[in-house]
Amino acid sequence: MTNRVLRWGLLSTARINRALITPLLGSTRNRLAAVASRTRDKADAYAKENNIPRAFGSYEAMLADPDIDVIYNPLPNHLHAAWTIQAAQAGKHVLCEKPLAIAVQEVEAMADAAAACKVVVAEAFMYRHHPQTLKVKELLDSGAIGKLRVVKGAFTFNLTREVDVRLDPAMGGGSVWDLGCYPISYARTMVGAEPLEAFGWQVPGKTGVDETFTGQLRFPGDVLAQFDCGFRAPFRAHMELVGSEGCITVPTPFRPGLNETILLTRHDKTESIAMAGQALYSGEVEDMADAVLDGKAPRVTLADSRANVAAMLALLQSAREGRPVTVG
């Protein structure tokens, strides 16, 4: 399959699609081939606006087409599992937006479908593929700040719309699913292990979803993580990794761009480390090509995604019950 070009179909006309269109157009191993919507008129208009060759008037029609190899699933959270499984059963590889699912059992069902149908299913955590993230992990693993002790992070913004899928509990809404998944994933990636215990506090909104959340995770080896996320504070996105001999500050951890700088502090001296980056979403597109065409494991494995979902569920349960919860 190394000589093939993957033909991608967009499952809906969601706004996040625009992030994938540019890297797909610029890739030599991937091609944007189609878009599907619930109505043919909407699909046709979107295809024309974005120069997409084909349009489908239903999701089912695109999944049934043999000329589509990969499906990008940007649907609301509660639809991720069902449509990813349906795509896998149609023989399509799937790049599914984060969070991959909102229940551990859903992730397991997705993994079972991928294995049974011999397709690749991966979660679209774009920051995981960026050179900045890989560099931070390299610094940690090389002992640049000694033994890792604490990971701290935040991701917030003011959500001004009163009606939004992120506020709908029936659609997998809430700040942990939408924003907290990032610092949780970042902490797990950098620690290189899964949390043992979770504790969380939340401030629910009118619809009942968590609009403000703070959480703590305890990892093996006495490594601790703390984060906050929410829809009722100004935009903030940062990570800090504290070790026995120094710390690393990442000012733009989740949406790094072409030119970023991280700060490495040791012995009361701070060094700015600049690095060339890449277009944010190109990494996950090329990672899918590596997995499908070259047989490599996706950087974000389904086991990884399952563990992230398990951590989020434990945090949400802790906030509801007011007690620490074992992560499992």
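The values are calculated or read from the model by the stated rules, or taken from the named source; none is laboratory data. As the structure is a computational prediction, the values presented were derived from the model and not from experiment. Reconstructed Cβ throughout: ideal geometry from the backbone, glycine too, with neighbour counts over all protein chains shown.
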(request) Might you check whether a residue that is crowded, with 20+ Cβ neighbours inside 10 Å and under 22 Å from the mean Cα position of the chain (by Cα) occurs anywhere in region 268-277? (result) no
(message) One residue is enough: does region 294-317 have a residue meeting the conditions farther than 23 Å from Q105 by Cβ, touching an Asp or Glu at 6+ places or on another chain (Cβ under 9 Å) and either surrounded by 15 or more Cβ atoms within 10 Å (Cβ to Cβ) or β-branched (V, I, T) (or both)?
(response) yes
(request) Find the residue count for region 136-157, including only residues that are in a strand (DSSP E or B) and either of a type in the set (A, V, I, L, M, F, W, C) or loosely packed, with under 15 Cβ neighbours inside 10 Å (or both). (result) 5
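Yes/no matrix, rows are residues, columns are (1) within 25 Å of E240 (Cα to Cα); (2) in contact with a strand residue (DSSP E or B) (Cβ under 6 Å, 6 or more places away or on another chain); (3) aromatic (F, W, Y); (4) touching a residue at least 40 places away in the same chain (Cβ under 8 Å):
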position: A103; (1), (2), (3), (4): no, no, no, yes
position: C117; (1), (2), (3), (4): no, no, no, no
position: S142; (1), (2), (3), (4): yes, no, no, no
position: F155; (1), (2), (3), (4): yes, yes, yes, yes
(message) Condition first: in a helix (DSSP H, G or I), in contact (Cβ under 8 Å) with a residue 60 or more places away in the chain and crowded, with 20+ Cβ neighbours inside 10 Å. Now tell me which residues in region 55-78 satisfy that.
(response) N77
(message) Would you confirm, using the coordinates I've provided, whether G221 is in the same structural domain as K269 (by TED's automatic domain parsing), assigned to a loop (DSSP other than H, G, I, E, B) and at positive phi?
(response) no
(request) Being in a loop (DSSP other than H, G, I, E, B) and farther than 20 Å from A14 by Cα is the filter here, so list the residues in region 158-198 that pass it. (result) N158, G192, A193, E194, P195, L196
(request) Could you tell me which of the residues G221, G200, G243, G205 is crowded, with 22+ Cβ neighbours inside 10 Å, touching a Leu at 6+ places or on another chain (Cβ under 9 Å) and modelled with pLDDT of 95 or more? (result) G200
(request) Within region 137-173, track down each residue that is touching a Ser or Thr at 6+ places or on another chain (Cβ under 9 Å) and not hydrophobic (A, V, I, L, M, F, W, C). (result) K137, G146, K147, R149, T156, R166, D168, P169, G173
(request) Only residues that are farther than 15 Å from L100 by Cα and touching a strand residue (DSSP E or B) at 6+ places or on another chain (Cβ under 7 Å): list them for region 176-200, please. (result) P183, Y186, A187, M190, V191, A193, P195, L196, E197, A198, F199, G200
(message) Please count how many residues of region 1-18 are out of contact with any strand residue (DSSP E or B) (no Cβ under 9 Å at 6 or more places or on another chain) and among the hydrophobic types (A, V, I, L, M, F, W, C).
(response) 1
(request) Provide a single number: the residues in region 292-309 that are of a type in the set (V, I, T) and farther than 19 Å from I71 by Cβ. (result) 1
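Every residue, every condition in (1) outside the structural domain of N30 (by TED's automatic domain parsing); (2) in contact with a strand residue (DSSP E or B) (Cβ under 7 Å, 6 or more places away or on another chain); (3) part of a helix (DSSP H, G or I); (4) in contact (Cβ under 8 Å) with a residue 40 or more places away in the chain, yes or no:
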| position | (1), (2), (3), (4) |
| --- | --- |
| E271 | yes, yes, no, no |
| M275 | yes, yes, no, yes |
| E286 | yes, no, yes, yes |
| V292 | yes, yes, yes, yes |
| P298 | yes, yes, no, yes |
| D304 | yes, no, yes, yes |
| L313 | yes, no, yes, yes |
| S318 | yes, yes, yes, yes |
(message) Restricting to region 1-51, give me the number of residues that are in the same structural domain as P66 (by TED's automatic domain parsing), among the aliphatic types (A, V, I, L, M) and in contact with a Gly (Cβ under 9 Å, 6 or more places away or on another chain).
(response) 6
(message) For a quick check of your reading of the model, give me the residue pairs whose first member lies in region 228-246 and is part of a strand (DSSP E or B), whose second is small (G, A, S) and surrounded by fewer than 15 Cβ atoms within 10 Å (Cβ to Cβ), with beta-carbon atoms closer than 6 Å and at least 6 apart or on different chains.
(response) G243/G146
